[in-house]
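> Supplied in structure tokens, the structure appears directly below.
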Amino acid sequence: MKYSIWIILLFGCTSTQINQAISDANKAMNGDKPLTTAEVGQGLKEALINGISKGSDLVSQMDGYFKNPEIKIPFPPDVKKVEDRLRQIGLGGEIDKFVMTLNRGAEDAAKEAKPIFIASIKQMTIDDAWAILKGEPDAATQYLKRTTSGQLKEKFKPVIQASLDKVNATKYYGDLVNKYNSIPLVQKVNPDLNDYATDMAMQGLFTMIAKEEKNIRQDPIARTTELLKRVFGAKQ
């Protein structure tokens, strides 16, 4: 049976077990020079980049948000009364069109996430790598949240705004809010659509990355590069 990084991740190794895994891998190399700690760290980085890239690609494709009930962005809940009232007066189709364009904007903006994640993974220290190896099932996702959220939000906001404008979500939203505000006796609303869309897009992105991380941890076939095969390809 072949070892995999994700089997090690799944069971949460002790330092002794990690060292034993490295030792086993070295014995299996038939005379190749021993693996170094740096090589093991680099192997983990490669595996993370592969998994994170897949998660990012899933949400940035057409319907990556819109047709995924786990992360679909709904009409802003803070102004749910706007949606309810407009549906009551026959504008349900306009609401649905807006929600679709809102998700299209998130899908478009999510393309910007991958290079940010990859840059963070490349800066990972050996201590970070060991902590992820021995951590919780979503340890890599939590690491990325901790190290990328600020930069990601800063990057996302203008992209989200441009994406919302491109698909006319901003216009549709403005029209809907104006129609609502024109109804007699209602309390006027004007929430920040960009902040809402940015936060929801990031939340959906991390949800899918956590799901992909869980899949990778449980999948014994996770070696896609020569380094991964060298580090985690030992036979029992």
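The values are calculated or read from the model by the stated rules, or taken from the named source; none is laboratory data. On a predicted model such as this, the values are computed, not experimentally measured, just so you know. Every residue, glycine as well, gets a Cβ built from its backbone with ideal geometry; the counts of neighbours run over all protein chains shown.
> Being in contact with a Gly (Cβ under 8 Å, 6 or more places away or on another chain), of a type in the set (Val, Ile, Thr) and farther than 19 Å from Lys157 by Cα is the requirement here; does Ile126 meet it?
In short, yes.
> Tell me which of these Ala109 doesn't satisfy, since it passes every other one: (1) farther than 14 Å from Asp165 by Cα; (2) in contact with a helix residue (DSSP H, G or I) (Cβ under 9 Å, 6 or more places away or on another chain).
Looking at each condition in turn, Ala109 falls short on (1).
> I'd like to verify a number: residues in the stretch 50-67 that are in a loop (DSSP other than H, G, I, E, B) and either touching a strand residue (DSSP E or B) at 6+ places or on another chain (Cβ under 7 Å) or more than 14 Å from Leu102 (Cβ to Cβ) (or both), how many?
2
> Moving on to the next point. Would you be able to say whether some residue in the stretch 149-169 is touching a Lys or Arg at 6+ places or on another chain (Cβ under 6 Å) and of a type outside the set (A, V, I, L, M, F, W, C)?
Within the stretch 149-169, not a single residue is touching a Lys or Arg at 6+ places or on another chain (Cβ under 6 Å) and of a type outside the set (A, V, I, L, M, F, W, C).
> Name the residues in the stretch 142-153 that are without any contact (Cβ under 8 Å) to a residue 12 or more places away in the chain and either outside any helix (DSSP H, G or I) or of a type in the set (D, E, K, R) (or both), would you?
Arg146
Rundown of residues vs (1) under 21 Å from the mean Cα position of the chain (by Cα); (2) loosely packed, with under 12 Cβ neighbours inside 10 Å; (3) assigned to a helix (DSSP H, G or I), yes/no style:
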| position | (1), (2), (3) |
| --- | --- |
| Lys72 | yes, no, no |
| Lys81 | no, no, yes |
| Glu107 | yes, no, yes |
| Ala140 | yes, no, yes |
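> Exactly one condition in (1) at pLDDT 80 or above; (2) over 12 Å from the mean Cα position of the chain (by Cα) is not met by Gln203; state its number.
Here Gln203 clears every test but (2).
> If you don't mind, there's one more thing I want to ask. Which is touching a Cys at 6+ places or on another chain (Cβ under 8 Å) and either among the small types (Gly, Ala, Ser) or closer than 27 Å to Lys45 by Cα (or both), of Lys114, Lys134?
The conditions single out Lys134.
> While we're here: Residue by residue through the stretch 167-192, note down the ones that are within 21 Å of Ala106 (Cβ to Cβ), of a type in the set (Val, Ile, Thr) and part of a loop (DSSP other than H, G, I, E, B).
Once the filter is applied, which keeps residues that are within 21 Å of Ala106 (Cβ to Cβ), of a type in the set (Val, Ile, Thr) and part of a loop (DSSP other than H, G, I, E, B), the stretch 167-192 yields only Val167.
> So which of Lys54, Lys45 ends up being among the basic types (Lys, Arg), more than 30 Å from Val186 (Cα to Cα) and surrounded by 16 or more Cβ atoms within 10 Å (Cβ to Cβ)?
Lys45
> Does the stretch 156-175 contain at least one residue that is of a type in the set (D, E, K, R) and in contact (Cβ under 8 Å) with a residue 60 or more places away in the chain?
yes
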